[in-house]
Amino acid sequence: MSGSGEGGGFDGSGGPRHGTIVDRRPSGGGASGTVGSYVVRDDDDERYYNFDYRQIVTEGFRTIRTGEHVRFHISATSPGQAEFVIRLDQPDPAEYYR
C-alpha cells in the first residue's frame, strides 16, 4: 500500500474526510489511567485511521464514543493517522451527568 492519493485524501492532501468511530483502545496513560486511542473508519473508502484524544478538536473534555460521526483530516506525515477530529453528533450535556 502506498500513499498515492488513492481513495481521495489518503496522502493527507485531500481535505476533510467523514467517518464513524468504530473502536476505542485504552492505553493506560493519563492521570486516571484511562487515556486511549481511537479508530475511525472513513465513510468513503472504508479505510481505518488511528488517533488519540489530543487530536479531538473541542472545548472541554476531549472524548468521543464508538458510533459517533466525525470529520477529520489524514495526517500528511503519518498516512494511517487521523488528525483534527471534530465530532458531528454533539450529545446532550445532560447525558454526561446522569
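The values are calculated or read from the model by the stated rules, or taken from the named source; none is laboratory data. Since this is a predicted model, take the numbers as computed values, not measurements. When we count neighbours, we look across all protein chains shown, and the Cβ atoms used for this are built from the backbone with ideal geometry, even at glycine. Ligands, DNA and RNA are excluded from the accessible area calculation, which covers all protein heavy atoms including side chains. Shrake-Rupley method; radii C 1.70, N 1.55, O 1.52, S 1.80 Å.
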Discussion item. Just to be sure I understand, how many residues within segment 87-98 are open to solvent by less than 50 Å² (accessible area, probe 1.4 Å) and either under 14 Å from Ser37 (Cβ atoms) or modelled with pLDDT of 85 or more (or both)?
Written reply: 1
Worksheet item: Filter segment 36-75 for residues that are at pLDDT below 90, assigned to a loop (DSSP other than H, G, I, E, B) and not hydrophobic (A, V, I, L, M, F, W, C); which is surrounded by the fewest Cβ atoms within 10 Å (Cβ to Cβ)?
Response: Glu59
Discussion item. Testing Pro26 on (1) modelled with pLDDT under 80; (2) under 13 Å from Phe72 (Cα atoms); (3) exposed (fewer than 12 other Cβ atoms within 10 Å of the Cβ), one condition comes back false. Which one is that?
Written reply: (2)
Discussion item. Cβ-Cβ under 9 Å, sequence separation 6+ or interchain: first residue in segment 11-34 and closer than 23 Å to Gly67 by Cβ and part of a loop (DSSP other than H, G, I, E, B), partner open to solvent by 90 Å² or more (accessible area, probe 1.4 Å) and at pLDDT below 90. Which pairs?
Written reply: Thr34/Pro26
Practice prompt. Evaluate the following for Phe84: is it assigned to a strand (DSSP E or B) and open to solvent by less than 80 Å² (accessible area, probe 1.4 Å)?
Written response: no
